[in-house]
């Protein structure tokens, strides 16, 4: 009975090379064709898990979570300063490479926003600290103050009420705490159109007038103001 040799099956070398090239799990630094750098975790040849990506030419570094080859989850974005060091500009949630969820964006040394984001835009609830000392806390939509919110000025005067397109629009109250007065009424594009002014906490006001505001002698002052407000709201 003749001896039969078992047929050998050889796998092409390119398949072996391809398997070795597949990125899975934690890898050392990976360099792209444009010299960008990534070090971190992979799954199915895509960035997945935790990792650090350095856009060399743009001067940006992202350190955080990835999913399906995109920034997804929590992460920090830093940009390169003229002296070669990096400063953090955003810390918070990401979705498909865009700021999403809750996060803090640093616009300058004394100006930053902390709150909710939707696809790279301030949207939802948030608090904005401005460089001049003003603080806005309230609702946002499409990267603008929209909805209800409070703007507290650096001198402690404040506006509480409705906003639209980043301006005071709708019903609101303006507290002139330095003068000891309160203006309540309706605003259109940052301009008060109608309302009533009354004394408010005059004893603690630093710049209060000597005399109190005169009393309003109308049978129903509130009704007059309400009718005036509705006139503007309906036009």
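Length available on full extension from residue 68 to residue 212: 0.36 nm per residue minus the Cα-Cα distance, which gives 45.2 nm.
In Å, what Kirkwood hydrodynamic radius results for the range 101-235 from the alpha-carbon pair distances? Evaluated on the range 101-235, it is 16.4 Å. Going by the alpha-carbon gyration tensor, a ≥ b ≥ c the square roots of its eigenvalues, is the range 137-206 rounded (a/c under 1.5) or, if a/c is not under 1.5, prolate (a/b greater than b/c) versus oblate? Here the range 137-206 falls in the oblate category. Once you wrap a convex hull around the alpha carbon atoms of the range 23-131, what is its projected area averaged over all directions, in nm²? Convex hull of Cα atoms, orientation-averaged projection: 7.2 nm². Between residue 56 and residue 107, what FRET efficiency comes out of the Förster formula 1/(1 + (r/R0)^6) with R0 = 30 Å and r the beta carbon distance, rounded to 0.05? The pair residue 107/residue 56 has a calculated efficiency of 0.80.
On a full-extension model of 0.36 nm per residue, what is the gain between residue 120 and residue 97, subtracting their alpha-carbon distance, rounded to one decimal in nm? 7.4 nm is the gain from fully extending residue 120 to residue 97.
Coordinate-derived values only; no laboratory data. What you see is a predicted model, and the numbers here were worked out from it, not measured in a lab. Here the Cβ is made from the backbone with ideal geometry for all residues, glycine too, and neighbour counts use every protein chain on show.
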